[in-house]
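Here the structure is laid out as structure tokens; the discussion comes afterwards.
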Amino acid sequence: MDRMSRRKDKAARLREEPQIPNAFGALDALGDLPAGPENLLPGIPVKTSKRGQKNTSRGRVDIVRQTAHRGGKAVTVVKNFAGIGLPEKKDLAKKMQKACGVGGTVKDGCIEIQGDKRDEVKRILTEAGFNPVFAGG
């Protein structure tokens, strides 16, 4: 019997509670509102999001050819990445290795590619949106 009365009480409370008022109900009284932001100033295009587009200004990176402490073997080193994480550096290194047909690694925030492959590395970095510069020897 107690269960029946609890259910009845709950049903009665649900019917008696006032409905939550519509927070945007007052906007209906304002009449015709514009649909949204349009071109407010003629001749100036509306900015759109760059999401999904390729970033073409990711900063300067230095490409250096080193032979010191490597038994006379040349190594192409890419340095001075700004605002790029380790996973993206590894992806770039992998692309460079495949394009050049050589090995390489990521050490101390720099990408090292075996051999003197500066031209191929520059092409890949340019495609990725960086501004590659030959620095050093």
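Remark: the Ala26-Ala135 segment gains 32.8 nm on full extension, using 0.36 nm per residue and subtracting the alpha carbon distance.
What's the FRET efficiency of Lys107 with Ala68 using the Cβ-Cβ distance as r and R₀ = 25 Å, to the nearest 0.05? So, using R0 = 25 Å, E works out to roughly 0.95. Applied to the range 99-109, the Karplus parametrisation 6.51 cos²θ - 1.76 cosθ + 1.60 on θ = phi - 60° returns per-residue 3J(HN,Hα) values of 5, 8, x, 9, x, x, 7, 10, 10, 6, x Hz, with x for Gly and Pro.
Segment Arg58..Ile84, full-extension length gain: 8.5 nm, with 0.36 nm per residue of separation and the alpha-carbon distance subtracted.
None of the figures in this text is laboratory data; all of them are computed from the coordinates on show. Since the model is a prediction, treat every value here as computed from it, not as a measurement. Every residue, glycine as well, gets a Cβ built from its backbone with ideal geometry; the counts of neighbours run over all protein chains shown.
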